[in-house]
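In what follows, a structure is listed as structure tokens, so that the remarks can point back to it.
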Amino acid sequence: MTGSLAIGCFQSTLLLASFVGVLWSLSQGFVLTVGGRSVVIPGFILWCALIYAASGSLLSRFIGRPLIEIGKTRAAREGDLRFALVRASEGVDGITLAGGNSEEQQRLEHELAKVINVMRRFAGWIAGLTSVTAGYGWAALVVPIVVAAPAYFSGQLTFGELMVTVGAFNQVQQSLRWFVDNSSAIADWRAALARVMDFRQALLSIDEVEKSKDQIEVSENAKSLILNGVIARMTDSEIGLDVPALEIQSGEHVVIFAKTGMWNKVFFRAIAGLWPWGRGKIALPPRTSMTFLLAQPYVPTGSLREVLAYPDHPEKFRATDVIYALERTNLGHLVPALERVTRWDKMLNLDERLHLSLAQLILRKPWWIITDESIARLNEHSRKMVLSVFENELANSALISITSDDTRDVFYSRAFHPVTHGAP
């Protein structure tokens, strides 16, 4: 859009530069009689062209200005509708089984109604702007003749000179009416630009942490994982551990029993360095040696081999190792589908996705693994398989499990509990 508008503006500028001198010379000696007095106005017809173009541009700007905000709103409403449709599509089984069809239909109709309303406003303003631009173009056929007619009837211009003057006038105002002709496109461009800049600003502000004296200090490249006086701050409370300091060495299996899912997620994110609000210090091993295992694993698109290698390239791992990882995690039935490209997040259930994450760990063999409820959600058979993997293939890896399942397990060498505090 920027390139198209820029090229059109450049062409109009060249056209204006080509004919402005012609129109000035043709109307240089124009004499206008007002109240019996003769007034010489150099370049009279050129000034008329400029005034006519400026008036049309100002009117178009006045009519088209609301289209900028309406365009932003329209794009946002369409985005909301697309999100609602995708969300309903992905949750269709749950919606149907819960009997929520009518509620979802009302929700989708509400989103659609908002799109239709803003489109009606958009169409109304477009109609108004089109009437201005179309009227401006039709009037341009008559205005130069009316402006130059006094000079023709007074004998200052011959009929041939009148036609040349009208032609030059049309060329000048044609170049000057670029803004009028492109008012709608400029409004769309500014609306799109505003949304892009808002999005860019949102991206830039992601890393901007709330300015406060109390922030969790995170450092990397430590030889062990150290939590020193770490307290994560929430809206109305603070959460820390029941020990002032905790150091976890490689190969250890440690569990932190969070009472609720919210505390679980906050503390998990704090250790991952994603939750800076709070106080204390966290020393992490090198990021390349760490893996974070979520309760709802992320499964990218692509072939199963690409999913297993994510975020690395599939060629990094040998085919035999990939097959072994699948078979070791009870996913051997997926070996024939390694090259199949599909939505694996839809094809696999939650247990299978967790097993797939474990297969990724077997391939990558990270030194440090931090989990968020993922092990606790497995059934007893799968849980035994996971613990077996950690005792064999991942025997040298440290495991920090943050879970709300307060089930004692000899697999863990140490256990800790969060301690809540009042509002900060």
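Residues in region 185-218 that are part of a helix (DSSP H, G or I) and modelled with pLDDT of 75 or more: how many? Qualifying residue count, region 185-218: 20. Quickly run through region 261-275 and pick out the residues that are open to solvent by 50 Å² or more (accessible area, probe 1.4 Å) and part of a loop (DSSP other than H, G, I, E, B). Hits for region 261-275 are Leu274, Trp275.
Does region 281-289 include one or more residues that are open to solvent by 40 Å² or more (accessible area, probe 1.4 Å), of a type in the set (Ser, Thr, Tyr) and either in a helix (DSSP H, G or I) or in contact with a strand residue (DSSP E or B) (Cβ under 8 Å, 6 or more places away or on another chain) (or both)? Checked against the condition, which is being open to solvent by 40 Å² or more (accessible area, probe 1.4 Å), of a type in the set (Ser, Thr, Tyr) and either in a helix (DSSP H, G or I) or in contact with a strand residue (DSSP E or B) (Cβ under 8 Å, 6 or more places away or on another chain) (or both), region 281-289 yields at least one hit. Residue count for region 1-21 satisfying the condition of being within 16 Å of Gln173 (Cβ to Cβ) and either under 41 Å from the mean Cα position of the chain (by Cα) or open to solvent by less than 60 Å² (accessible area, probe 1.4 Å) (or both): 10. When Gly155 is tested against (1) at pLDDT below 75; (2) out of contact with any Pro (no Cβ under 7 Å at 6 or more places or on another chain); (3) part of a helix (DSSP H, G or I), just one condition goes unmet, and that condition is (3). Screening Ser38 with (1) modelled with pLDDT under 85; (2) among the polar types (S, T, N, Q); (3) more than 19 Å from Ala185 (Cβ to Cβ); (4) in a helix (DSSP H, G or I) gives one miss only, at (4).
Against the test of being of a type in the set (D, E, K, R), surrounded by 15 or more Cβ atoms within 10 Å (Cβ to Cβ) and over 29 Å from Arg190 (Cβ atoms), the options Glu78, Glu104 yield a single qualifying residue, Glu104. Apart from one condition, Val230 fits all of (1) within 36 Å of the chain's Cα centre (by Cα); (2) modelled with pLDDT of 85 or more; (3) surrounded by fewer than 18 Cβ atoms within 10 Å (Cβ to Cβ); (4) not hydroxyl-bearing (Ser, Thr, Tyr); the exception is (3). The sole residue among Ala127, Ala148 that is of a type outside the set (Lys, Arg), assigned to a helix (DSSP H, G or I), without any contact (Cβ under 8 Å) to a residue 12 or more places away in the chain and open to solvent by less than 80 Å² (accessible area, probe 1.4 Å) is Ala127.
Filter region 41-62 for residues that are open to solvent by 30 Å² or more (accessible area, probe 1.4 Å) and touching a Leu at 6+ places or on another chain (Cβ under 9 Å); which is farthest from Ala187 (Cα to Cα)? Result: Ile41. For region 166-181, the condition holds for at least one residue, the condition being that it is within 30 Å of Ser12 (Cα to Cα), modelled with pLDDT under 80, surrounded by 18 or more Cβ atoms within 10 Å (Cβ to Cβ) and small (Gly, Ala, Ser). Of everything in region 233-247 that is under 38 Å from the mean Cα position of the chain (by Cα) and surrounded by 13 or more Cβ atoms within 10 Å (Cβ to Cβ), the residue that is farthest from Asn396 (Cα to Cα) is Ser237.
Taking Trp138 as the residue in question, decide whether it is assigned to a helix (DSSP H, G or I) and within 17 Å of Arg65 (Cα to Cα). The answer is no for Trp138. Annotation note: of Val118, Val132, the sole residue that is assigned to a helix (DSSP H, G or I), surrounded by 14 or more Cβ atoms within 10 Å (Cβ to Cβ), on the phi < 0 side of the Ramachandran plot and modelled with pLDDT of 85 or more is Val118.
Among helices (runs of 4 or more DSSP H) entirely within region 290-402, having at least 2 residues that are at pLDDT 90 or above and open to solvent by less than 10 Å² (accessible area, probe 1.4 Å) singles out 304-309, 319-328, 350-364.
The values are calculated or read from the model by the stated rules, or taken from the named source; none is laboratory data. The structure presented is a predicted model; accordingly, all values stated were derived computationally and were not measured. So basically every Cβ, Gly included, is an ideal-geometry build from the backbone, and we count neighbours across all protein chains shown. Side chains included, ligands, DNA and RNA excluded: accessible areas come from the protein's heavy atoms. Shrake-Rupley method; radii C 1.70, N 1.55, O 1.52, S 1.80 Å.
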